[in-house]
Amino acid sequence: MEIETRTGWAIIFILAIALFFLRKYTYNPFKATLKKASAGDAKAQYEMGRLYYRGKHVKQDYAQAVTWFDTAAKNGSIPAMNALAGLYNAGQGCAQNPEKTFYWYQMAAEQGDFEARVNLAVCYLSGIGVEKNEPKGFETMKAAADERSPIAQTLTAQLYEKGIGVEKNEKSALHYYLLAAKQGEPMAKRRIKELQQDAWNRR
């Protein structure tokens, strides 16, 4: 009888685990997220945009993604601002719009978001939605780099190395590559190895 009882509990335990994982991997958050988003929750509105963009738990629809990201961005969601800028830049779910690309990256950058500041710098460097201004692009990128953004440090190093928006300076380029490499940035690590190999080959 004791063995049968233990066996019974073991089966119940296994079934409970199976039910847990079944619910975990089949749970669809769409309805709950839509309810929160419709009530004005900016985070949920951003998540709705992501669901439509990725086509997860709902049919992929870039136009719907744009609509939800736009709503969330106007309600102060910084991730939504970045996402919306990216969609306007790519022309996904909307007409390509450089001015709106710049506008939303600028809005997110003003909130201190590193990703937005890097992309804003690229806008200045490339003339996306704003008059091309390489010195301004360098200044914007370096400001993010000096606040320890590893990707900004890597890109600042590239600008120093190529002399874009700033006077060419290999020593400063190496400095920023090293800062980024210390934070694990793979592009910086790769470039440092290339520079070391170049220096070795010149011997």
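Each value in this text was obtained by applying a stated rule to the coordinates, not by laboratory testing. Worth saying up front: this structure is predicted, and the values here are computed from it rather than measured. Glycine also receives a Cβ, built like all others from the backbone with ideal geometry; neighbour counts cover every protein chain displayed.
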Note down the nm distance, to one decimal, between modelled labels 7 Å out along Cα→Cβ at V58 and at A39. 1.7
Taking the Cα centre of region 83-191 as origin and charging only Cβ (+1 Lys, Arg; -1 Asp, Glu), how large is the dipole, in debye to the nearest 20? 400
Treating cross-link reach as a plain straight distance, find the aspartates and glutamates whose alpha-carbon is under 12 Å from the alpha-carbon of K31, omitting any fewer than eight places away in the same chain. E47
Highest first, please rank the peptides 86-92, 166-172, 116-122 by the mean number of other Cβ atoms sitting within 10 Å of their residues. 116-122, 86-92, 166-172
Dipole magnitude of the chain, debye to nearest 20 (Cβ charges: Lys/Arg +1, Asp/Glu -1, about Cα centre): 460
If you plug each phi of region 29-45 into the Karplus form 6.51 cos²θ - 1.76 cosθ + 1.60 with θ = phi - 60°, what whole-Hz ³J(HN,Hα) values come out, in order, with x for Gly and Pro? x, 4, 4, 5, 5, 4, 4, 5, 5, 5, 8, x, 6, 4, 5, 5, 5
Can you pick out the pairs among K35/K59; K132/K189; K100/K189 whose Cα atoms lie more than 28 Å from each other? K132/K189; K100/K189
Taking R0 as 45 Å, what's the FRET efficiency between K31 and Q111 from their Cβ-Cβ distance, rounded to 0.05? 0.90
Leaving out same-chain residues fewer than 8 places away, which aspartates and glutamates sit with a Cα under 20 Å from that of K193? E161, E170, E185
So I have (1) 10.7; (2) 18.7; (3) 15.8, and one of them is mean projected area of the Cα convex hull in nm² calculated from this model. Which one is it? (2)
Longest principal axis of the chain (C-alpha) makes with the long axis of helix 114-126 (C-alpha) an angle, in degrees to the nearest 10, of 40
Cα axis of helix 78-90 to longest principal axis of the chain: angle in degrees, 0 to 90, nearest 10? 70
